[in-house]
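The values are calculated or read from the model by the stated rules, or taken from the named source; none is laboratory data. Bear in mind that the values here come from a model prediction, so they are computed numbers and not experimental data. Using ideal geometry, Cβ is built from the backbone for each residue, glycine included, and neighbour counts are taken over all protein chains shown. Ligands, DNA and RNA are excluded from the accessible area calculation, which covers all protein heavy atoms including side chains. Shrake-Rupley method; radii C 1.70, N 1.55, O 1.52, S 1.80 Å.
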Amino acid sequence: MELLEVRGLVKHFNGVRALKGISFSLREGEILGMIGPNGAGKTTLVNIVSGIYRPTSGDVFFQGERVTGKPSHAMARMGVARTFQHIQIFPEMTVLENVMAGYHIRGSSGVIPCLFHFPSVRREEEGAVKRALEVLDLVGLRDKAKWPAFALPYGDQKKVVIARALSGNPKILMLDEPAGGLNEMETQEMGELLEELRRLGITLVLIEHDMTLVMDVCHRILVIHHGRRIALGDPQGVRRDPQVIHAYLGENV
Ligand SMILES: Nc1ncnc2c1ncn2[C@@H]1O[C@H](COP(=O)(O)OP(=O)(O)OP(=O)(O)O)[C@@H](O)[C@H]1O
Ligand SMILES: [Mg+2]
C-alpha cells in the first residue's frame, strides 16, 4: 500500500527554483533512499512533506488524504516525523530530557492544569517518561538516560534525536543525513538501527550521502538532481543508471 504520495511538487525561494515538479510515492514498510548532489532539493522536499514549508504548487497525500500545506505539528500528530540535517541537541540537558523535548506534540493537558499540578498532568508526565525510556531502549541508550547530552559521542547524539522523533510513535520517519559526520563503526550501527526500526513497522525515508549505507539498507532509491527526479528504483538499477552516474555517483562510488 502507498502511505504517502507526492505529486508535482514545485518550490521556489524568491529566485531559486529548488524543486521543479517532483512526484513519487512511499510504500508502507519500505526504506526509501533519497540521494543527489548538494543543493539538489532533498531537504526542501522533506521540509514540505513534514509541513515546515508550503509548496509553490503540487500536492502531498498521506494515507489518501490531501495534506498539502498542513503545519508540521499537524503532520507530526498524523504520524509523519523527521530529524534535521543539523543535529538539534540541548547539550546541558540529560539524554532523557532531550527525548522528552519531543513529547509535547502528544500532550493534551493545557496550561491551567499544569499550573495547579492536576493529577492529569502528573499522569501525562509519567507517560512521557515511560515512552522516552522505551524509545531510548530501542536506540540502545537507556542506560545513559541520566547523562548530560554533551557527554555522549556524536553517534549516540544522533540516536538521541532519532529517539525524540520516535517518541510520537510515527508511521513515517524521515531522516536527513543520519550518518553525516559519523565514523565507519557508527555508520554501521546506524544502518542496523534503521533496519530495526523498519522491522518494527516504521516506513523510513533516508537522505544520505554515504552510498555504502544507502545501497545496504534501502529498498528503493529516489535520485534528485537540480530539483527534478532523475531516477527511482532498486539500488542495483539506480547504481547502473547512466544519468545517475553522470549526475552524482560518478564522484561518490
Ligand atoms: N529557506 C531557503 N531559502 C532560500 N533558498 C533555499 C532555502 N532552502 C533551500 N534553499 C535552496 O534550495 C536549493 C535546494 O536546497 P536543499 O537544502 O533542499 O538541498 P539538499 O539536496 O538538501 O542539499 P545538501 O545535500 O547540501 O543538504 C538550494 O539551492 C538551496 O540554496
Ligand atoms: Mg540537505
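A compact table of results
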quantity	calculated
Criterion: in a loop (DSSP other than H, G, I, E, B) and either outside the structural domain of Val46 (by TED's automatic domain parsing) or out of contact with any Cys (no Cβ under 9 Å at 6 or more places or on another chain) (or both) - qualifying residue of Gly191, Gly180	Gly180
Leu249 open to solvent by less than 70 Å² (accessible area, probe 1.4 Å), assigned to a strand (DSSP E or B) and assigned by TED's automatic domain parsing to the domain that holds Leu9	no
Among residues of the stretch 36-54, those that are within 11 Å of ligand 2 (Cβ to nearest atom) and in contact with a helix residue (DSSP H, G or I) (Cβ under 7 Å, 6 or more places away or on another chain), counted	2
Listing of strands (runs of 3 or more DSSP E) fully contained in the stretch 1-56 that carry 1 or more residues being open to solvent by 10 Å² or more (accessible area, probe 1.4 Å) and more than 11 Å from ligand 1 (Cβ to nearest atom)	2-13, 16-27
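Residue by residue, here is whether (1) assigned by TED's automatic domain parsing to the domain that holds Phe150; (2) not small (Gly, Ala, Ser) holds:
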{"position": "Val49", "(1), (2)": "no, yes"}
{"position": "Ile52", "(1), (2)": "no, yes"}
{"position": "Pro55", "(1), (2)": "no, yes"}
{"position": "Gly58", "(1), (2)": "no, no"}
{"position": "Gln63", "(1), (2)": "no, yes"}
{"position": "Gly69", "(1), (2)": "no, no"}
{"position": "Ala74", "(1), (2)": "no, no"}
{"position": "Val95", "(1), (2)": "yes, yes"}
